[in-house]
Amino acid sequence: MAAPLQIFDGHNDVVSKLLRSRERDFFQRGTDGHIDLPRARDGGFAGGLFSIYVAADPQAAPPAGPVLGQHDGSDVRFPRPLELSFAQRESLAELGVLFRLQRDSAGALRVVRTVEDIEGAFADGAIAAVIHFEGAEAIDPRLEALEVFHAMGLRSIGPVWSRPNDFGEGVPYLFPHSPDTGRGLTDLGKALVRACQELGILVDVSHINEQGFWDIARLSQTPLVATHSNAHALVPTPRNLTDRQLDAIRDSGGIVGVNFALQFLRVDGRDDPDTPIARIVEQFQYLAERMGVDHVGFGADLDGAQIPSAVGDVTGLPRVVNALRDAGFDQESLVQMAHLNWFRVLSQTWKAA
Ligand SMILES: [Zn+2]
């Protein structure tokens with residue numbers, strides 16, 4: 001059997017899951033969650049953006065704030081904002097998990113800082129892990145922590161997850177809804193984007209609302225990147241991108257990583273695992289038709305979302321690749337979407353500093 005196509009993926013949450021689950025062992029083949037080293041190798045998962053994601057503080061009060069709308073019969077409110085000290089403590093703990101994985105892996109997993117590092121890891125069959133912050137809550141208002149985290153290896157940041165913070169506002173989980181859900185970047189958010197441009201840190205537009213998206217587009221000299229989002233024209237969740245947003249990403253030379261989360265694949269917005277791989281293929285097809293195949297990649301959200309049972313876990317990636325091939329994508333396009341497009345965008349972003 002031929003080796004599976006090497007996939008560089010725009011978003012996974014395995015680090016935050018490993019921090020919270022003592023049962024999971026990254027180096028043993030398991031059945032919990034979506035990613036461990038043996039399963040990653042089977043699936044051709046060769047690297048990607050490894051998310052540092054801080055969940056709500058269990059000590060904090062439950063969400064207050066106004067009811068923003070309804071989803072599945074219940075009220076949707078923003079989660080409560082995170083405290084800086086809590087976000088920094090949790091982020092350091094997750095970074096500790098990731099660096100310990102690197103040390104224990106004997107070269108099988110590497111924290112990478114350049115595209116040359118990624119290509120080297122690919123050549124050696126090692127997993128290339130890019131440090132990504134999903135939400136900038138661990139960054140202080142003077143942006144000193146950004147310098148520190150950059151020195152540690154931070155190369156990608158989404159200013160917001162789906163909640164408000166000092167930098168801007170993410171989209172709440174309303175359905176169906178447009179991504180135009182509130183105010184754009186704050187002055188501090190704009191300063192963060194400028195600082196990231198100076199340091200050569202990718203600024204991710206996934207999770208941000210539409211006003212914030214356009215603020216980032218105005219401030220950015222580098223390709224626009226949605227690490228894990230889909231097309232709003234197919235599935236009208238605010239987490240997906242409108243055609244105008246897709247056109248702006250294309251015009252900037254950027255990329256959209258296709259998200260396998262059920263809610264962003266299904267026209268009814270429901271978390272039903274009985275969702276065919278065809279829904280994923282349709283996203284790839286729509287994005288490739290709208291933007292060109294140069295602007296499409298993977299952003300599967302493994303260990304961060306519920307995904308179709310037909311994919312199951314990271315070992316299902318070759319089934320998605322086969323379905324894309326059956327749908328008419330040729331080998332050259334598949335390799336571009338699997339990793340070359342990501343390499344192009346990351347090298348343009350990181351070298352901009
Ligand atoms: Zn996410």
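Throughout, read-outs are computed from the coordinates displayed, never taken from laboratory work. The structure presented is a predicted model; accordingly, all values stated were derived computationally and were not measured. Cβ placement follows ideal geometry from the backbone for every residue including glycine, while neighbour counts extend to all protein chains displayed.
For a quick check: with amide H placed at 1.01 Å from N, whose amide H comes under 5 Å from VAL160's, ignoring anything fewer than 5 positions away on the same chain?
Under 5 Å from the amide H of VAL160: GLY135, ALA136.
Arrange the peptides 201-209, 106-114, 11-19, 64-72 so that the one whose residues have, on average, the most other Cβ atoms within 10 Å appears first.
201-209, 11-19, 106-114, 64-72
For region 81-208, how big is the tail of P(r) above 23 Å, as a whole percent of Cα pairs? Present the calculation step by step, with values, prior to reporting the outcome.
On the way: 3047 of 8128 pairs.
Roughly 37 percent, rounded to a whole number.
Treat the chain as a sphere of radius equal to its Kirkwood radius over Cα pairs and apply Stokes-Einstein at 25 °C in a medium of 0.890 mPa s; give the translational diffusion coefficient in µm²/s, rounded to a whole number. Before the final figure, lay out each step's value.
Details: Rh = 20.0 Å.
Translational diffusion coefficient: 123 µm²/s.
Would you please classify the overall shape of region 1-110 from the alpha carbon gyration tensor, given that a ≥ b ≥ c denote the square roots of the eigenvalues, rounded means a/c under 1.5, and beyond that prolate means a/b larger than b/c while oblate covers the rest?
Values: a/c = 2.67, a/b = 1.73, b/c = 1.54.
In terms of gyration-tensor shape, prolate.
How long are the semi-axes of the equivalent ellipsoid of region 204-272, taking √(5λ) for every eigenvalue λ of the Cα gyration tensor, in whole Å from largest down?
Working: eigenvalues 98, 23, 19 Å².
Its equivalent ellipsoid spans semi-axes of 22, 11, 10 Å.
Each residue of region 96-104 in turn: what ³J(HN,Hα) in whole Hz from Karplus with 6.51, -1.76, 1.60 and θ = phi - 60°, glycine and Pro shown as x?
Calculated HN-Hα couplings, in order: x, 4, 5, 5, 5, 4, 4, 5, 6 Hz.
When the Cα centres of region 129-160 and region 278-311 are compared, how far apart do they sit, in Å?
Using only Cα atoms, the two centres lie 26 Å from each other.
Amide H to amide H under 5 Å from VAL111: which residues, 5+ apart in sequence or cross-chain, H placed 1.01 Å off N in plane?
ALA129
Towards the positive end of the charge dipole of the chain, with charges on Cβ (+1 Lys, Arg; -1 Asp, Glu), say which of HIS207, ALA128, LEU5 has the farthest Cα.
Among HIS207, ALA128, LEU5, the one farthest towards the positive end of the dipole of the chain is ALA128.
Tell me, what HN-Hα J-couplings in whole Hz come from the Karplus equation 6.51 cos²θ - 1.76 cosθ + 1.60 at θ = phi - 60° for each residue of region 73-85, using x for Gly and Pro?
Using θ = phi - 60°, the values come out as x, 10, 5, 10, 10, 5, x, 5, x, 8, 6, 3, 5 Hz.
Could you work out the relative contact order of region 111-199? I mean the mean sequence separation of Cα pairs under 8 Å and 6+ apart, divided by the number of residues, in percent. Walk me through the numbers on the way to the answer.
Details: 105 pairs, mean separation 19.4, N = 89.
So the answer I get is 22 percent.
Using mean Cβ contacts within 10 Å as the protection proxy, how do 270-282, 179-191 order, highest first? Write down the numbers at each step before the final one.
Details: 270-282: 16.2, 179-191: 18.3.
Order by mean packing, descending: 179-191, 270-282.
With the contact rule set at Cα under 8 Å and sequence spacing of 6 or more, what percent relative contact order holds for the chain?
18 percent
Taking only DSSP H segments of four or more residues, each worth -39500 (n - 2.57), what value at 222 nm results for the chain once the sum is divided by all its residues, to the nearest 500 deg cm²/dmol?
So the calculated ellipticity at 222 nm is -11000 deg cm²/dmol.
Under a Cβ-only charge scheme (Lys and Arg +1, Asp and Glu -1), can you give me the dipole magnitude of region 33-154 about the Cα centre, in debye to the nearest 20?
Using Cβ point charges on Lys, Arg, Asp and Glu, region 33-154 gives about 160 debye.
Order of PHE99, PHE78, PHE8 from fewest to most other C-beta atoms within 10 Å? Intermediate values should be presented prior to the final figure.
Details: PHE99 15, PHE78 20, PHE8 26.
Going from sparsest to densest Cβ surroundings: PHE99, PHE78, PHE8.
For region 303-320, what does the Karplus curve 6.51 cos²θ - 1.76 cosθ + 1.60, with θ = phi - 60°, yield as ³J(HN,Hα) per residue in whole Hz, taken in order and with x for Gly and Pro?
Rounded to whole hertz, the list is 6, x, 8, 7, 10, x, 5, 5, 8, x, 7, 4, 5, x, 4, x, 5, 5.
Roughly how many debye, to the nearest 20, is the charge dipole of the chain about its Cα centre, given +1 on each Lys and Arg Cβ, -1 on each Asp and Glu Cβ, and no other charges? Could you put the intermediate results ahead of the total?
Values: 32 positive and 47 negative charges, 59 e Å.
Value, rounded to 20: 280 debye.
Could the peptides 228-238, 335-345, 86-96 be put in order, highest first, of the mean number of other beta-carbon atoms found within 10 Å of their residues? Don't skip to the end; give the middle numbers.
Working: 228-238: 24.0, 335-345: 21.8, 86-96: 18.3.
Those peptides, ordered most packed to least, come out 228-238, 335-345, 86-96.
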